[in-house]
1. On alpha-carbon atoms, Rg over Rh for region 122-174 using Kirkwood Rh?
2. Cα axis of helix 85-94 to longest principal axis of the chain: angle in degrees, 0 to 90, nearest 10?
3. Using amide H atoms built 1.01 Å from N in the peptide plane, name the residues 5+ places from Ile277, or on other chains, whose amide H lies under 5 Å from its own.
4. If you take all C-alpha pairs in the chain, what percent of them are over 34 Å apart?
5. Using a 10 angstrom cutoff on alpha carbons, build the Gaussian network for the chain and name the most mobile of Glu191, Glu74, Glu19.
6. Round to the nearest 10 and give me the degree value, 0 to 90, for the angle of helix 128-137's Cα axis relative to the longest principal axis of the chain.
7. Quick one: net charge around Gly174, please, counting Lys, Arg +1 and Asp, Glu -1 for every other residue with C-beta under 14 Å from its C-beta.
8. Out of all DSSP beta bridges with both ends in the chain, state the antiparallel percent to the nearest 5.
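The values are calculated or read from the model by the stated rules, or taken from the named source; none is laboratory data. No experiment lies behind these values; they were computed from the predicted model shown. Here the Cβ positions follow ideal geometry from the backbone for every residue, glycine too, while neighbour counts run over all protein chains shown. The protein model used for the area step is the full one, side chains on, heavy atoms only, and it has no ligands, DNA or RNA in it. Shrake-Rupley method; radii C 1.70, N 1.55, O 1.52, S 1.80 Å.
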Amino acid sequence: MNTKVLKVDQSHIDQNLIEQAADFIKNEELVAFPTETVYGLGANGLVPEAAAKIYAAKGRPSDNPLILHISDIEQLKPLVTDIPEAAKKAMKAFWPGPMTVILNKKAIVPDGTTGGLSTVAVRMPDHPVALALISASQCPIAAPSANTSGRPSPTKAEHVFEDMKGKIPCILDGGMVGIGIESTIIDFTGEHPMILRPGFITPEMFEEVIGEPVSIDPAVLDSNKLKGLAPKAPGMKYKHYAPKADLLLVSGDIDKVVGYINKKTEQAHDQALRVGIIGTDDTISSYHGDVILSIGTRDSDDTIAQNLYDVLRQFDHEDVDVIYSQVFDSGENGFAIMNRLTKAAGYDRIEV
């Protein structure tokens, strides 16, 4: 299959390019497109056969739910049985934006899209190219991240092409995304709202808008709690975001972290292994690895979030055998960043 890449200027959108991409969606084919968080791999979310193509292209387990993307609040009503008041408040505050809501679904939403669950995940992205594509396609678009399952999510069209070349017919290239980590997923089907995946919108931000406590699913902190259960939201159950080399997270006083990583680097070199290290602008000069990359500045967790997946992917081109990383758990995005890094490391973390 030939994969067509259509470059779209998000400040001056060429509607002809959008219509070309939308035609693929209408014909039950796949299109990768940018959102404000990461690139999505889209198909008609109401056609089971189209959703099946997403799972096949990604190599994704079929019990992992897909998120339906809409461009207008009116598109939500045919999809769900009810919209709780708390959800309405959240939508008014955070849509369009990096928030995915879990609601009880209507029969029109196929089980193939929801991983067999009676609930559906829906969001309205804050990106002009995504909104234009959804509107032109005239259907809610089911779209997980546009990467091979388990790999770092794509924040550039080049990342998508690397994973999906020859597997999908079309990529809309809208440049690098803005946020860099996936949307916050919040479940409104229980007694109280519950976050199933942390993201740019924090529990405190939700509580200020909703006016009631917002909890975090225990499985977010401990994946073992999901053993034998179907995941309630994307990214909960399986190892995600991982580079090819083994990744180890090291937390503690930064001087001790640097010392530990440098010692491990020496030991790796004794075994003729190449070492990659993830640091920040103010620490990379202290390390002695073979490939040392800065993820951003410690005082700007926004830059760390935006660069996270790109840095992880860079190591795949450097043929490193092992990667060591500092921990980046400060700032409003710290919890979401570490959720992704912890999964990428297979929960392999050491305190020094």
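1. 0.96
2. Helix 85-94 sits roughly 60 degrees off the main axis of the chain.
3. So Ile277 has HN proximity to Val291, Ile292, Leu293, Tyr324.
4. Everything past 34 Å amounts to 24 percent.
5. Highest fluctuation of the listed residues: Glu191.
6. 40 degrees
7. -4
8. Bridges in the chain are about 35 percent antiparallel.
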